[in-house]
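Note sheet for the following structure.
The values are calculated or read from the model by the stated rules, or taken from the named source; none is laboratory data. On a predicted model such as this, the values are computed, not experimentally measured, just so you know. Positions of Cβ are generated from backbone atoms using ideal geometry, with glycine treated the same way; all protein chains shown enter the neighbour counts. Areas reflect the complete protein model, heavy atoms only, side chains present, ligands, DNA and RNA absent. Shrake-Rupley method; radii C 1.70, N 1.55, O 1.52, S 1.80 Å.
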Amino acid sequence: MSESGWELGLADADNAGVYFVTTDDLDTLGVAARDAGLQVRRIDLGNADKQTLLLRIATALDFPGTFGRNWDALSDGLRDLSWLSAPGYTLLFENGGDLQQADSDDFDTLLEVLEEAAQDWAERETPFWSFLALPESVFDEIDATAADAG
């Protein structure tokens with residue numbers, strides 16, 4: 001059991017990946033990840049175009065000044081992180097719904113880059129988690145759709 005009393009299995013690289021959560025979940029996940037010994041970084045996706053988004057991620061993760069500010073460079077940086085040596089990583093993304101609504105292509109590309117990074121780290125037995133906060137209404141719609149299908 002962790003210091004917070006929560007054991008979410010965040011040290012397990014095989015289960016790490018990209019997950020959608022609510023904003024209320026981010027604080028709890030951050031505490032649990034820290035308790036698991038993981039490096040935790042919080043990144044705001046609100047009101048961000050592609051360049052702002054890439055800069056926010058690069059800043060939060062202390063990317064080297066040579067960061068190329070494109071999707072390929074983000075992918076490379078997320079798969080390295082040698083300057084943030086840790087037993088694992090947790091990225092907490094606020095306002096994911098804002099990015100999803102503003103630019104669904106950038107949102108989808110970000111998800112792909114994060115998932116590929118998680119898979120790459122899992123091969124090295126290092127957990128790499130990305131939690132993206134979406135509005136509660138998204139989960140209400142999913143629940144309603146599941147109830148209608150059932």
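Details
- Residues of segment 1-19 satisfying the condition of being modelled with pLDDT of 95 or more and open to solvent by 40 Å² or more (accessible area, probe 1.4 Å): 19
- Residue 47 being under 17 Å from residue 112 (Cα atoms), of a type in the set (S, T, N, Q) and more than 13 Å from the chain's Cα centre (by Cα): no
- When each of 117, 86, 122 is tested for being farther than 12 Å from residue 20 by Cα and surrounded by fewer than 14 Cβ atoms within 10 Å (Cβ to Cβ), the lone residue that passes is 86.
- Residues of segment 125-137 satisfying the condition of being crowded, with 16+ Cβ neighbours inside 10 Å and under 15 Å from residue 13 (Cα atoms): 126, 127, 128, 129, 130, 131
- Condition met for residue 36 (within 17 Å of residue 119 (Cα to Cα), touching a Gly at 6+ places or on another chain (Cβ under 8 Å) and either touching a residue at least 60 places away in the same chain (Cβ under 8 Å) or of a type in the set (A, V, I, L, M, F, W, C) (or both)): no
- Boolean, residue 107 is closer than 22 Å to residue 9 by Cβ, within 16 Å of the chain's Cα centre (by Cα) and among the hydrophobic types (A, V, I, L, M, F, W, C): no
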